[in-house]
1. Give me a count of the residues in segment 148-176 that are among the basic types (K, R) and either within 12 Å of L8 (Cβ to Cβ) or near ligand 1 (Cβ under 9 Å from one of its atoms) (or both).
2. Is there any pair with a first residue in segment 2-20 that is in contact (Cβ under 8 Å) with a residue 60 or more places away in the chain and a second that is basic (K, R) and part of a strand (DSSP E or B) whose Cβ atoms are under 7 Å apart and which are 6 or more apart or on different chains, and what are they?
3. Report, ordered by the first and then the second residue, all pairs with beta carbons closer than 6 Å, sequence separation of six or more or different chains, a first member in segment 167-180 that is among the hydrophobic types (A, V, I, L, M, F, W, C), and a second member that is surrounded by 13 or more Cβ atoms within 10 Å (Cβ to Cβ) and not in a loop (DSSP other than H, G, I, E, B).
4. Out of segment 66-100, which residues are touching a Ser or Thr at 6+ places or on another chain (Cβ under 9 Å), modelled with pLDDT of 90 or more and not in a loop (DSSP other than H, G, I, E, B)?
5. Just to verify a result, which residue in segment 39-65, among those that are assigned to a loop (DSSP other than H, G, I, E, B) and among the aliphatic types (A, V, I, L, M), is nearest to ligand 2 (Cβ to nearest atom)?
6. Within segment 123-180, which strands (runs of 3 or more DSSP E) (wholly inside it) include 1 or more residues that are more than 13 Å from ligand 2 (Cβ to nearest atom) and of a type in the set (V, I, T)?
7. Assess whether G110 counts as being among the small types (G, A, S) and more than 16 Å from ligand 2 (Cβ to nearest atom).
8. If a residue has to be within 15 Å of ligand 1 (Cβ to nearest atom), farther than 15 Å from A25 by Cα and over 10 Å from the mean Cα position of the chain (by Cα) to count, how many in segment 45-74 make the cut?
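The values are calculated or read from the model by the stated rules, or taken from the named source; none is laboratory data. Predicted model only: the values in this text are computed from it and were never measured. For neighbour counting, all protein chains shown are included, and Cβ atoms are generated from backbone atoms with ideal geometry for every residue, glycine included.
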Amino acid sequence: MSDSTVQLHDKEFTIYLQENEIRQAIERLAVQINQDYKENTPVFLAVLNGSFMFASDLMKEIKIPCEISFIKLASYQNTQSTGTVKELVGLNEEVRSRHIIILEDIVDTGHTVSVLLEKLQAFSPASIQIASLLLKPASLQHPLQLKYTALSIPNDFVVGYGLDYNGLGRNLRHLYKVKS
Ligand SMILES: O=P(O)(O)OC[C@H]1O[C@H](OP(=O)(O)OP(=O)(O)O)[C@H](O)[C@@H]1O
Ligand SMILES: Nc1nc2[nH]cnc2c(=O)[nH]1
């Protein structure tokens, strides 16, 4: 079967970035991180679910002492108001005075990473940087300083390599964009 298109639920997706292009971009990112953190022992915090594949491939290229932990921003309806509240779950690591690198599969509007930064600041880490596999610059709604971005992409909905469309597609080894 051809790898160039996939059908997920009601939508068709076409190949956008091949696995080898993604892996090369991750290797370039790892070179930077290995250099910048050689004096520290960073704690990578990978944001579930989407970042699992990126985190796995990146970690294989990290050559300095480091730790990794997996976190999630869980949404729940606040009973006191109608607003949706985001709660940070899974942070069992002691991050006070540590150098944190958040691992994201994608920064789109930047809402998720902004909430995370705010929540993590409360633990008084030594520093926090974001490493994202993908960034949609045209979609960004927050003034974020993204030190590590593997690939900048246009404002298309993408799936594969950890990213899903309504639960499907996370297992795809390439990155696909929705067919217009
Ligand atoms: O910059 P934003 O507009 O906030 O979008 C980016 C977020 O969206 C996706 O997560 P999602 O909430 O879909 O959860 P998932 O990782 O479990 O798929 C992705 O993994 C990022 O965390
Ligand atoms: N799967 C997927 N999730 C996202 N979350 C924010 N942007 C995207 C996107 O383009 N694709």
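1. Summing the residues that are among the basic types (K, R) and either within 12 Å of L8 (Cβ to Cβ) or near ligand 1 (Cβ under 9 Å from one of its atoms) (or both) in segment 148-176 gives 1.
2. As it stands, the answer is F13/K177; T14/K177; Y16/K177, since those pairs meet every condition given.
3. The qualifying pairs are L168/L8; L172/G160; L175/Y16; L175/L17; L175/V158; L175/G160; V178/K11; V178/F13.
4. The initial filter retains those residues of segment 66-100 that are touching a Ser or Thr at 6+ places or on another chain (Cβ under 9 Å), namely 66-67, 70, 73, 75-78, 84-87, 90-93, 95-100.
With modelled with pLDDT of 90 or more added as a condition, the list becomes 66-67, 70, 73, 87, 90-91, 95-100.
Within segment 66-100, E67, F70, L73, E87, H99, I100 meet the criteria.
5. Here is the first cut: in segment 39-65, the ones assigned to a loop (DSSP other than H, G, I, E, B) are 39-42, 48-51, 60-65.
Then keep just the ones that are among the aliphatic types (A, V, I, L, M); that gives 48, 62, 64.
Values: L48: 13, I62: 25, I64: 30 Å.
Of everything passing the filter in segment 39-65, L48 is nearest to ligand 2 (Cβ to nearest atom).
6. Numbers: elements: 127-135, 148-152, 175-178.
Filter on segment 123-180 gives 127-135, 148-152.
7. Working: among the small types (G, A, S): yes; more than 16 Å from ligand 2 (Cβ to nearest atom): no.
The answer is no for G110.
8. Counting residues in segment 45-74 that are within 15 Å of ligand 1 (Cβ to nearest atom), farther than 15 Å from A25 by Cα and over 10 Å from the mean Cα position of the chain (by Cα) gives 5.
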